[in-house]
Amino acid sequence: MKNFLRENLDLIEELREKAFLNVQRYKNIMISSYNRRVKSQSFQVGDLVLRRADALKPIGKLDPTWEGPYKITSVIGKGAYELEDPDGRLLPRPWNVHNLKKYFT
């Protein structure tokens, strides 16, 4: 009986190690596919961008989803930007890169 339990414990440890390796391999596959698919976007100071229409305002189905153009005045951290409207007024809060897109003139 003791031999049987020892063999099962060894088998459980082997299965646990295999499962751990499978999870690690899966994580690496997901990381590489994400990195191939996602393109990081960054803007420079002075670039013109459109910003996503503010979620706090109720918008209808036919209302525009982008507002602008706005000028980038400063870069805050890795993905946040301070924006300025065409009249030269700064917007009250920074905007994340996911809510901005390049404005082409």
| field | Per-peptide average of other Cβ atoms within 10 Å, ordering 65-78, 24-37 highest first | value | 65-78, 24-37
| field | Nearest 10 degrees, 0 to 90: helix 2-37 Cα axis against the chain principal axis | value | 20 degrees
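Could you work out the relative contact order of the chain? I mean the mean sequence separation of Cα pairs under 8 Å and 6+ apart, divided by the number of residues, in percent. Could you put the intermediate results ahead of the total?
On the way: 108 pairs, mean separation 22.6, N = 105.
This gives 22 percent for the chain.
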| request: Quick one: which residues, 5 or more positions from A53 or on another chain, have an amide H under 5 Å from its amide H? H modelled 1.01 Å from N in the peptide plane, none for Pro or chain starts. | output: W66, E67
| request: Would you please state the base-10 log of I(q)/I(0) at q = 0.16, 0.21 1/Å for the range 9-57, with intensities from the Debye formula using one equal scatterer on every alpha carbon? | output: -0.72, -0.86
| Per-q log10 I(q)/I(0), the chain, q = 0.17 Å⁻¹ (Debye; single scatterer per alpha-carbon; no solvent) | -0.87
| query | Over 25 Å between Cα atoms, which of K27/K101; K39/K61; K27/K102; K61/K101; K39/K102 qualify? | reply | K27/K101; K39/K61; K27/K102
| field | Evaluated over the range 48-102, the Cα radius of gyration and Dmax, each in Å | value | 11.3, 34
| remark: Descending packing, highest mean Cβ count within 10 Å first, for 39-47, 82-90 is 82-90, 39-47
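Only the coordinates and a few stated rules stand behind these numbers; no lab work does. Given the structure is predicted, the values throughout are model-derived calculations rather than measurements. FYI the Cβ positions are ideal-geometry reconstructions off the backbone, even for glycines, and counts take in every protein chain you see.
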